[in-house]
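Below is one structure, written out as structure tokens, with a few remarks after it.
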Amino acid sequence: MFNYLEPPNAFYEFERIYSAEQWAKKQKWVAEYLREFQPDIIGFQEVFSADSLKALVAEQGYSYFEVVDQPDVIDDFIYRSPVVAIASRYPIVEATAVEPNTELAQTLGLTKDFSFSRKVIRATVDLPHMGNCDCYVVHFKSKRSMIEIDEKNNHWSPEQTIIESLKANVAGGWGSTIQRGSEATLLMIDMIERREATGNPMVLMGDFNNTLADGVLSHLLTNTLRFVSHIDRDAYLAKYCLNDAWDLFQTAVTNEKNEANKADDVNEIDSEDATDISDISDISKREEKVVRTPTHYFGAGSSVLDYILLSCEFDASYHDSLYQVSAYDTYDRHLINPIFERDGESTDHGIALVTLTLRS
């Protein structure tokens, strides 16, 4: 949401207050996105004004809305520490904040009072044909350094100030990495335990502030299990682990192409030369790679930081799956081709949107 805070309140600093015109533009942008794409369930990050957002989405047909935390308020009207939220067209039968396992946290070398930098929502949504599904909304710790130095209130030389800033950046950046990776680990453990207790399908979505290919978060897509038989390993990994919705979409597309190719084989022209040409064309199509659209741009670089992860019930290659990922889109018009009148108060991230289709 990129600082969704109703004026006359300020976010982080005294002068950072939306004008009435800016606030109206921001709300209009959110409403127009919802009207155009009509997501059934949507997770939000950087929410300061939860009541305002609840009213806004209700006007768009979202009868169910939940938050499990509230931002910090300093000096009466200056806000910090925004929260996550979830809205749904389907009933949310339960919503709670995920609590980290403090005993496990200490085993990992963390403090006994370890907590998520932003509380994680677990909302159990009653989905058509599926029943209760646990939807998690996250905003993992950013890469911003955890250590800030006060350059004004000291007697350092210019060179010493730079050196101290460098040390703070190195140590503080690593501290943020530890926090982010620990959040993902403790959340994954809680999800496995919840899955064991309820058997509910799982959806994890949000701003991960990291790529999944990075080892810091790669365990969210765990696909190995040592010292377990091959049959048991595959069964339990499928049941308790998550899949990137992008990968599931590619799987569904490949399955559809293979089915189409089988149908074409029945009607092949009985010509060796024609068959060879057709085979080469089919192979070329299957090997064609679709490039994933980034969700965040910084300077000259870009990366995917926002994800939707799904359990096996949404995997077209899983024999008992109910749904498959039939479309995957990243809304980024406001990032790559912004128009000030339309996008001036939008967001600094692309929006990941997944379409799930009931399998026949």
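The values are calculated or read from the model by the stated rules, or taken from the named source; none is laboratory data. These figures come from a predicted structure and were not determined experimentally. Cβ placement follows ideal geometry from the backbone for every residue including glycine, while neighbour counts extend to all protein chains displayed. Calculation scope for accessible area: heavy atoms of the full protein, side chains included, ligands and nucleic acids excluded. Shrake-Rupley method; radii C 1.70, N 1.55, O 1.52, S 1.80 Å.
Structure notes:
- Any hit, the range 53-75, residues being modelled with pLDDT under 95, open to solvent by 70 Å² or more (accessible area, probe 1.4 Å) and more than 24 Å from the chain's Cα centre (by Cα): yes
- Selected residue (criterion: modelled with the highest pLDDT) from residues of the range 85-134 that are part of a loop (DSSP other than H, G, I, E, B) and among the acidic types (Asp, Glu): Glu99
- Of all residues in the range 182-201 being assigned to a helix (DSSP H, G or I) and more than 19 Å from the chain's Cα centre (by Cα), the one that is nearest to Thr107 (Cα to Cα): Glu193
- Residue count, the range 78-100 (criterion: open to solvent by less than 60 Å² (accessible area, probe 1.4 Å) and of a type outside the set (Val, Ile, Thr)): 10
- If you go through the range 311-360 and keep only what is in a strand (DSSP E or B), in contact (Cβ under 8 Å) with a residue 40 or more places away in the chain and hydroxyl-bearing (Ser, Thr, Tyr), you end up with Tyr323, Ser326, Tyr328, Tyr331.
- In the range 219-240, the residues that are farther than 21 Å from Asp134 by Cβ reach residues that are in a helix (DSSP H, G or I) and aromatic (Phe, Trp, Tyr) with C-beta atoms within less than 9 angstrom, at least six apart or across chains, in these pairs: Leu225/Tyr236; Val228/Tyr236.
- Any hit, the range 152-173, residues being surrounded by 11 or more Cβ atoms within 10 Å (Cβ to Cβ) and within 22 Å of the chain's Cα centre (by Cα): yes
- In the condition set (1) open to solvent by 20 Å² or more (accessible area, probe 1.4 Å); (2) within 21 Å of the chain's Cα centre (by Cα); (3) among the hydrophobic types (A, V, I, L, M, F, W, C), Leu322 is compliant with all but (2).
- Restricted to the range 183-203, and to residues there that are of a type in the set (Gly, Ala, Ser) and over 13 Å from Val138 (Cα atoms), the residue that is most open to solvent (accessible area, probe 1.4 Å) is Ala197.
- Among the residues of the range 204-263, those identified as among the small types (Gly, Ala, Ser) and either open to solvent by 70 Å² or more (accessible area, probe 1.4 Å) or assigned to a helix (DSSP H, G or I) (or both) are Ala213, Ser218, Ala235, Ala238, Ala245, Ala252, Ala260, Ala263.
- Residue match in the range 2-18 (condition: touching a residue at least 60 places away in the same chain (Cβ under 8 Å), open to solvent by 40 Å² or more (accessible area, probe 1.4 Å), more than 27 Å from Met130 (Cβ to Cβ) and under 19 Å from the mean Cα position of the chain (by Cα)): yes
- Any chance Ser142 is touching a residue at least 60 places away in the same chain (Cβ under 8 Å), surrounded by fewer than 19 Cβ atoms within 10 Å (Cβ to Cβ) and part of a loop (DSSP other than H, G, I, E, B): yes
- Taking the range 5-48 as the range and being assigned to a loop (DSSP other than H, G, I, E, B), among the aromatic types (Phe, Trp, Tyr) and within 23 Å of Ser63 (Cβ to Cβ) as the test, only Phe48 passes.
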